[in-house]
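Notes for the one structure printed next.
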Amino acid sequence: MADPVTRSAGSQTLSRGLRVLEVLANSPSAMSIDQVAHALGLHRSVCYRLVRTLEDHGLVVRDQLGKLALGVRLVALGASVERDMRATALPLLTLAAQRLVMTCFLAIEDRGECLTVTSVEPPHQETVIAQRPGARHPIQDGATGRAILAIMDEACWPEGISDEVRANVHEIRQRGWAESYSQVIPGLYGVATPVRFEDGRLGSVGALSLFHATGEHLNRVLEGLCTVETGLVEAGVCTLR
């Protein structure tokens, strides 16, 4: 069994390697080793060793100028996970959108933001609310973001969460669902329930409308969102929360 010092060193190396991948993922273009080292506050030689290991596993590649970018292996792994998530959620969201006559979508937490993975608009409607895949907004805004905060450890919350938002999230945690109006897009009403994915990520299933849902209508919306969550759990994409 590895001693505590060895385990600690291994954890630090893993953490640094993951940070290299994060820096490259957030960069709009390929980066030099010096740029990566500067971004992470590491000595160039340390960064070089990390990059070589990531290259060996196909997670990082170099271009003709020696600059670094994410490797095909990492992109393929990420695309596979997202593809499975979208493929499973799409028919469930389609059915929910038809039944509720609302735009229904799946969102995940991504670096302190709420990221839309896939969405479905109700058919045969003159006015359609579009929630495009790839759309982002601060996680503290909107029903989908606050639903995610409700199942997230508060120690992991982004900085700057106001007391008002904290109080609202505590209420959401107690009742199990969130609602919002005009927080992300003016004039839109949203409802969301949180979900936990098998890979450990947090997300939410949301529905958007131009009108507030109350009484029996609200109950139907919540039932529809819970049906989507149940389908994701049965498919092995999500776990029970």
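One table, with the values for the structure above:
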read-out	value
Derived scalar couplings ³J(HN,Hα) [region 192-207; Karplus, 6.51 cos²θ - 1.76 cosθ + 1.60; whole Hz; x for Gly, Pro]	8, 10, x, 9, 10, 8, 4, 7, x, 6, 10, x, 7, 9, x, 9
DSSP H segments from the chain that extend 27 Å or more along their own axis, Cα-based, with Kyte-Doolittle mean of -1.0 or above	4-26, 72-100, 215-234
DSSP-loop GluC sites (Glu not before Pro) across region 73-175, with at most 14 other Cβ within 10 angstrom	Glu126, Glu159
Percent RCO, i.e. relative contact order, over the chain, from Cα pairs under 8 Å lying at least 6 residues apart	14 percent
Global form of region 162-241, assessed from the alpha-carbon gyration tensor, a/c cut-off 1.5	oblate
Prolate/oblate/rounded call for region 4-70, Cα gyration tensor, a/c under 1.5 rounded	prolate
Average projection area in nm² (convex hull over Cα atoms of the chain, one quarter of hull surface)	16.6 nm²
Residue order, fewest to most beta carbons within 10 Å, for Val128, Val195	Val128, Val195
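The numbers here are math on the coordinates, done by the rules we state, and not lab data. The shown structure was predicted, so the numbers you read here are calculated from the model rather than taken from an experiment. Here the Cβ is made from the backbone with ideal geometry for all residues, glycine too, and neighbour counts use every protein chain on show.
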